[in-house]
Amino acid sequence: MAKKLIGPSTRLFPMPTLLVCVKTGENAANIITIAWGGIAGGSPPLIGIAVGKNHFSTPYLRKEGNFTINIPNSRQDVEADYCGIVSGTRDPDKAKTCGFTLAPSTKITSPLIAECPMNFECKLYKELDFKGLYLFLGEVVETHIDEAVLDEHGRIVTEKLDPLVFLPNGEYRKIGDFVSKAFSVGRKLSKPQVSPD
C-alpha cells in the first residue's frame, strides 16, 4: 500500500476531550479543554496534559499544584468546545455559562465538574518546559465515577460513559461499535504449544 510522507505531526486519531479545571481564586475556577493529554504512567497513576504557556489557566496550574480532569459525554460537546475556544480572560465563569456545577474535590483545592460522568483529582507530579507549552504530569489521587455508568460488577460500561472524543481534523465524535476483547483477541495468532514426546 502506498504511503504519503506528511512530516512530523500531532494527528493521533482519536484524542481525548478533557475538561481541565483549576482553582483561580476564592470560589472561582477556570475550565480549559485539552486534547493533548493522556495516561503517562501507572504506578503512580499519571495523566499528562500539554498547556500553552500563554493560556489563562497556566499560572494557576503552576500556583495551585493541582487540577481536575473531567470527562464530558458526547452530549456535552457544545460546552466542551466553548471551554476550549473562549479564554478565561473573556469569561471568568465558564462553569456558569455552560450550566456546570463546580463541586469540591476530596483531596485537592481545584473543583470538579459534577455533570461530567468521570472526574480525576490530580496533584502536580512534574512539570516539563517545552517550547511554547508546559507538559503537566498529574498524579491521580482520586477518581469519581457516576454510578449510572457502571454495571452490576462496578465496571464502566462504555456506552453509558459515552466519552466525547476529538479528532485532529476538527471533529468531535462518539466511540463506535465493539470490535474485540483486548488482551484476548491477539491469542488467535499464538502458535500452539507442542508437548514434548
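Bear in mind these aren't lab numbers, they're just calculated from the coordinates by the rules spelled out. Please read these numbers as outputs of a predicted model, since none were measured by experiment. Note that each Cβ is placed from the backbone with ideal geometry, even for glycine, and that neighbours are counted across all protein chains shown.
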At 20 °C and 1.002 mPa s, grab the translational diffusion coefficient of the chain from Stokes-Einstein with a Kirkwood Rh over Cα pairs, rounded to a whole number in µm² per second.
117 µm²/s
Packing-based exposure ordering (other Cβ within 10 Å, fewest first) of L61, L133, L150, L128:
L128, L150, L133, L61
Residue span T106 to V179: 0.36 nm per residue of separation minus Cα-Cα distance leaves a gain in nm of 22.6 nm
What translational diffusion coefficient, in µm²/s and rounded to a whole number, does the Stokes-Einstein relation yield for the range 83-188 at 37 °C and a viscosity of 0.692 mPa s, taking the hydrodynamic radius as the Kirkwood radius over Cα pairs?
191 µm²/s
Rounded to the nearest 500, what is the chain's calculated 222 nm mean residue ellipticity when only DSSP H runs of at least 4 contribute -39500 (n - 2.57) each, over all residues?
-3000 deg cm²/dmol
Given Cβ point charges of +1 (Lys, Arg) and -1 (Asp, Glu) and nothing else, what value in debye, to the nearest 20, does the dipole of the range 15-185 about its Cα centre take?
560 debye
If you take the square roots of the eigenvalues of the alpha-carbon gyration tensor of the range 129-176 and sort them as a ≥ b ≥ c, do you get rounded (a/c under 1.5), prolate (a/b over b/c) or oblate?
oblate
Residues L12, L161 in order from fewest to most other beta-carbon atoms within 10 Å are L12, L161
With respect to the cross-link table entries K94/K126; K63/K160; K63/K107, which display a Cα-Cα separation exceeding 24 Å?
K94/K126; K63/K160
Just report the Cα centroid separation between the range 36-115 and the range 126-180, whole Å.
13 Å
Could you pull out which residues in the range 155-197 have an amide N less than 19 Å from a spot 7 Å beyond the Cα of S74, following the Cα-Cβ vector?
156-180
Most exposed to least, judged by fewest other Cβ atoms within 10 Å, T158, T17, T58 sort to T158, T58, T17
Out of N27, N73, N119, a Gaussian network model of the chain with alpha-carbon springs under 10 Å gives the largest mean-square fluctuation to N27
For the pair D81/A28, report the inter-label distance in nm, with labels modelled 7 Å from Cα in the Cβ direction.
2.8 nm
